[in-house]
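Please read the structure below before turning to the comments.
Only the coordinates and a few stated rules stand behind these numbers; no lab work does. Keep in mind that what you see is a predicted model, and the values were worked out from it rather than measured. Cβ placement follows ideal geometry from the backbone for every residue including glycine, while neighbour counts extend to all protein chains displayed.
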Amino acid sequence: MARARGGYKSRRRKNRVLKLAKGFHFDRRRKFKWTSETVRRALHNIYKGRRLLKRDMRRLWITRISAASKLMGTTYSRLIHQLKTNNVTINRKMLADIAARDMDAFTSLVKSLK
């Protein structure tokens with residue numbers, strides 16, 4: 001009896017990986033062994049990138065809030081402390097957006113905390 005060599009199942013598994021390699025160059029797209037390594041690494045880097053983006057955006061928001069609060073004569077840490085003691089629930093993303101786009105609203109917010 002002849003040996004069965006995977007056939008449909010292994011081809012489907014390989015094609016799934018090769019489909020993810022769309023846009024890769026040369027043998028990284030055609031040879032399964034190289035392609036599987038490259039795809040695995042690319043998927044890992046995408047995963048890392050999603051976390052790094054969150055980290056970078058938070059740093060940007062804090063920098064914007066800090067710069068705007070220094071214009072108002074206070075520091076970032078004091079501003080955040082005053083927000084928490086006055087039970088103002090506004091996140092850093094919205095606070096940075098207000099500081100960047102509408103300085104009058106940010107000014108009135110800071111003055112209401114004092």
Checklist entry - Is one or more of the residues making up the range 28-50 touching a Phe, Trp or Tyr at 6+ places or on another chain (Cβ under 7 Å), among the acidic types (Asp, Glu) and part of a helix (DSSP H, G or I)? => result no
Checklist entry - Does the range 63-84 contain any residue that is closer than 30 Å to Ala21 by Cβ, in a helix (DSSP H, G or I) and without any contact (Cβ under 8 Å) to a residue 12 or more places away in the chain? => result no
Next on the checklist: Filter the range 20-41 down to the residues that are more than 25 Å from the chain's Cα centre (by Cα) and among the basic types (Lys, Arg) and list them by number.
Outcome noted: Arg28, Arg29, Arg30, Lys31, Lys33
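Every residue in the range 85-104 that is in a helix (DSSP H, G or I), without any contact (Cβ under 8 Å) to a residue 12 or more places away in the chain and surrounded by 12 or more Cβ atoms within 10 Å (Cβ to Cβ), please.
Start the filter on the range 85-104 by keeping residues that are in a helix (DSSP H, G or I), which leaves 85, 92-101, 103-104.
Pick out the ones that are also without any contact (Cβ under 8 Å) to a residue 12 or more places away in the chain and you get 85, 94, 97-98, 101, 104.
Matches in the range 85-104: Asp97, Ile98.
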Checklist entry - Between a first residue in the range 27-47 that is closer than 10 Å to Val17 by Cβ and a second residue that is among the β-branched types (Val, Ile, Thr), which pairs have beta carbons less than 7 Å apart while being 6 or more apart in sequence or on different chains? => result Phe32/Val17; Thr35/Val17; Ser36/Val17; Val39/Val17
